[in-house]
Amino acid sequence: MSFFYKPIKPDNADDDKLLASYRESGDLVFLGRLYEKYMSLVYGVCLKYLKDEEQAKDAVMGIFEALTTKTNQFDIKQFRGWLYVLSRNYCLMQLRSGKKMEMVSLDDVMESSTFLHPDDNNREAAMMALERCLDKLNPAQKQSVNLFYLNEKCYKEIVELTGFSLNEVKSYIQNGKRNLKICLEGVSE
């Protein structure tokens with residue numbers, strides 16, 4: 001007896017119905033059901049390109065967020081194929097823009113300044129300077145940076161805790177980190 005693996009063909013009719021229902025109603029339940037069918041495909045694509053499980057998970061969430069607008073912008077003939085291309089392009093854009101969602105500790109930011117070194121004499125001064133610079137960030141940046149670096153929350157958790165969008169969280173963290181670095185370098189001069 002031989003056993004042959006037959007890949008499951010996507011149910012395009014069901015995909016089309018769910019997509020049409022989402023477009024007509026704007027109800028995320030329909031889009032969620034449609035996306036759930038292909039989430040493992042999306043995760044696999046993200047893992048292939050980003051080569052990190054946490055980054056891939058964050059990308060899966062980011063892609064769903066992108067779907068909420070992109071599904072209304074394009075004439076989608078076959079959702080599965082279109083989603084594959086969208087996922088691949090999303091990951092490539094992450095890689096190209098240098099926003100690989102890398103985790104960087106505040107120590108890395110602090111050590112980038114010549115004034116701030118981890119020896120005992122400068123440690124207290126460095127922490128005080130860091131606190132002063134954190135206080136200079138705008139509230140959204142300060143909250144996002146604190147949650148990400150000090151509380152070690154992932155993007156998804158920060159989105160849930162703050163109500164910010166994923167892109168806002170990424171922007172607040174990136175800009176907050178840059179502003180911290182500028183502020184800390186100003187202290188060292």
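Figures for the structure shown
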item: Long-range neighbours under 8 Å by Cβ, at least six apart or interchain, first residue closer than 22 Å to residue 18 by Cβ within the range 38-65, second exposed (fewer than 15 other Cβ atoms within 10 Å of the Cβ) and of a type in the set (Ser, Thr, Tyr); result: 65/165
item: Count - residues of the range 1-35 that are modelled with pLDDT of 85 or more, over 16 Å from residue 82 (Cβ atoms) and loosely packed, with under 13 Cβ neighbours inside 10 Å; result: 5
item: Residue that is farthest from residue 88 (Cα to Cα) [pool: residues in the range 18-37 that are without any contact (Cβ under 8 Å) to a residue 40 or more places away in the chain and basic (Lys, Arg)]; result: 33
item: Enumeration of residues in the range 18-27 that are in a helix (DSSP H, G or I) and not polar (S, T, N, Q); result: 18, 19, 20, 22, 23, 24
item: Qualifying residue in the range 62-70 (condition: farther than 17 Å from residue 166 by Cβ, buried (at least 17 other Cβ atoms within 10 Å of the Cβ) and not assigned by TED's automatic domain parsing to the domain that holds residue 153); result: no
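The values are calculated or read from the model by the stated rules, or taken from the named source; none is laboratory data. Computed from a predicted structure; not experimentally measured. A quick note on method: Cβ atoms are made from the backbone with ideal geometry, for glycine too, and the neighbour counts reach across all protein chains shown.
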